[in-house]
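Let me begin by presenting the structure, written as structure tokens, before commenting on it.
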């Protein structure tokens, strides 16, 4: 017999975990399903031996007071910290200091935050959902080897993935199919010594790069010289089918060329290790004006892409739908303490 739940959430990134934790703390029976081997989505950390790289979301900022309350709790609990590194921008000609915004990171990696929020929740990893079926009793969620029943289903994922799971004629199909997401190639590099760059993070407006960061400079990271390089969305889209090894070569050379432009006399350190990962749905091409999408049949879609991307956008999307389902006003976000998020 199928397990019965009030809500089944598919996708354990920040939006899905925030929603699930909020309604769980409000008394609902919620099950969280994730097809990957860990939670976090693009708040991802890859490890190899003593090396570690945040290869998705690089940091997060805070603008909304409710998110600030939650982040303060994370900092107090040792789950997050301010990244004090110097951040600059480079356009191929001039180096400029970036905005003075306070940037936070998860500790010891970006995955730490979703892991902590997910700890008390019933959740399954390596769980691929094949189909959703609706009838008078609610929803049946079919996995590879088992299925579940729920009154509500929440898809916490990029729009292209949501479109693949939604029933073909569902009312939300058009909205998710129209949402465009841009890709990003991420290359992870470990060097034998420090790179001669004047900042710990750099926005690069010079193809093929868009961002480089000294991951080892973030609080709580292992010692070493671990760097993350992101390609631009334009370059990533044009080369999404390029083999990872070739992507590594191109972006490694671009990073070393950047070093030579900024420090012509410096000696380049030896490369010890490299990896590449393609985020096919890294960020939305356009911001939505809605925090979530919901049909009349109890199926809803959430995600950072509905709030312009970013970690805070994922949080706000998840909380907005959770408050709506808890009978609160969806346009206002309750302070995090009152919803016990992250506790």
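The numbers here are math on the coordinates, done by the rules we state, and not lab data. Computed from a predicted model, the values in this text were never measured in an experiment. Glycine also receives a Cβ, built like all others from the backbone with ideal geometry; neighbour counts cover every protein chain displayed.
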Just want the ordering: 131, 232, from fewest to most Cβ atoms lying within 10 Å of their own Cβ. 131, 232
Provide the FRET efficiency to the nearest 0.05 for the residue 151-residue 81 pair, computing r from the beta carbons and using R0 = 30 Å. 0.15
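Out of the DSSP beta bridges found with both residues in the range 3-339, what percent are antiparallel (nearest 5)? All intermediate terms of the calculation are to be shown ahead of the outcome.
Details: 47 of 69 bridges.
Antiparallel bridges make up about 70 percent of those DSSP assigns within the range 3-339.
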Provide the packing ranking of 46-58, 266-278, i.e. peptides ordered by the mean count of other C-beta atoms within 10 Å per residue, highest first. 46-58, 266-278
Using the per-residue mean of other Cβ atoms lying within 10 Å as a proxy for protection, in what order, highest first, do the peptides 153-161, 177-185 fall? 153-161, 177-185
Ascending count of other beta-carbon atoms within 10 Å, so fewest first, for 204, 187, 9: 204, 187, 9
Return the ratio Rg/(2.2 N^0.38 Å) for the range 3-339, where Rg is computed over Cα atoms only. 1.02
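Subtracting the Cα-Cα distance from 0.36 nm times the residue separation, let me have the gained length for residue 128 to residue 50 in nm, one decimal.
Computed gain between residue 128 and residue 50 is 25.0 nm.
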To make sure I understand, if each residue's beta carbon is the centre and we count other beta carbons within 10 Å, what order do 82, 302, 87, 141 fall in, fewest to most? 82, 87, 141, 302
Put a dot 7 Å past each Cα toward the Cβ at residue 64 and residue 267; how far apart are the dots in nm? 5.1 nm
Tell me the angle of helix 244-262 to the major Cα principal axis of the chain, expressed in degrees between 0 and 90 and rounded to the nearest ten. 50 degrees
Computed helical MRE - 222 nm, the chain, DSSP H runs ≥ 4 contributing -39500 (n - 2.57), nearest 500: -7500 deg cm²/dmol
